[in-house]
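Worksheet for the structure shown next.
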């Protein structure tokens, strides 16, 4: 007779806890970088920035978000494991949408493609540089295009669903979920939607950081208590 076995979830909760801490460091760092090195307004400006300092060029195209989204996937996986017994369908949908959104983000970010084009632009003859400028324009159009907006919308729905599940859960204080809902509310308008979208995006950061702090505290508690998944 197959008696099954248990999976120790402590490593997952510890990973989620430290991942949340890293995110709390990355978010202010991203803001500081944005203020100190504002992204250029033109493709040519990006190419020149990449030529002067490739690392700042990558940062100007949300290089750190590549790490942020890995962390988000880990956080949502940990939340799914914690909540699936109480709200299985809800958190399964949330996790699925969240992971699809993360995948869409990676296809939308042109940080390294722009790095390659910048090298080719600098090395090209003046009469050939327009080719690389046109290619850069196409990449920048996709940067806030369909894939990015799908990522943003699915991530918003994912956050709202997980936050609602947290509110209904007996494992979390309701305040944790409410902070997530507030952040999700300000994410309803994508950051690509002009000045209004940018304002809403910035307003979502403060409740999001509080949400992540509260999650980190809870992951620490669950890790110390010890938890197992029976299969």
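Laid out as a table, the results:
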| read-out | value |
| --- | --- |
| Residue identified as buried (at least 16 other Cβ atoms within 10 Å of the Cβ), more than 30 Å from residue 164 (Cα to Cα) and within 16 Å of the chain's Cα centre (by Cα) among 121, 143 | 143 |
| Any hit, the stretch 43-55, residues being in contact with a helix residue (DSSP H, G or I) (Cβ under 6 Å, 6 or more places away or on another chain), over 20 Å from residue 210 (Cα atoms), modelled with pLDDT of 90 or more and assigned to a loop (DSSP other than H, G, I, E, B) | no |
| Sole residue being more than 25 Å from residue 34 (Cβ to Cβ) and in a helix (DSSP H, G or I), chosen from 200, 172, 211, 219 | 219 |
| Odd one out for residue 175, checked against (1) over 23 Å from residue 101 (Cα atoms); (2) buried (at least 18 other Cβ atoms within 10 Å of the Cβ) | (2) |
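The values are calculated or read from the model by the stated rules, or taken from the named source; none is laboratory data. All values reported here derive from a predicted model rather than from experimental measurement. For neighbour counting, all protein chains shown are included, and Cβ atoms are generated from backbone atoms with ideal geometry for every residue, glycine included.
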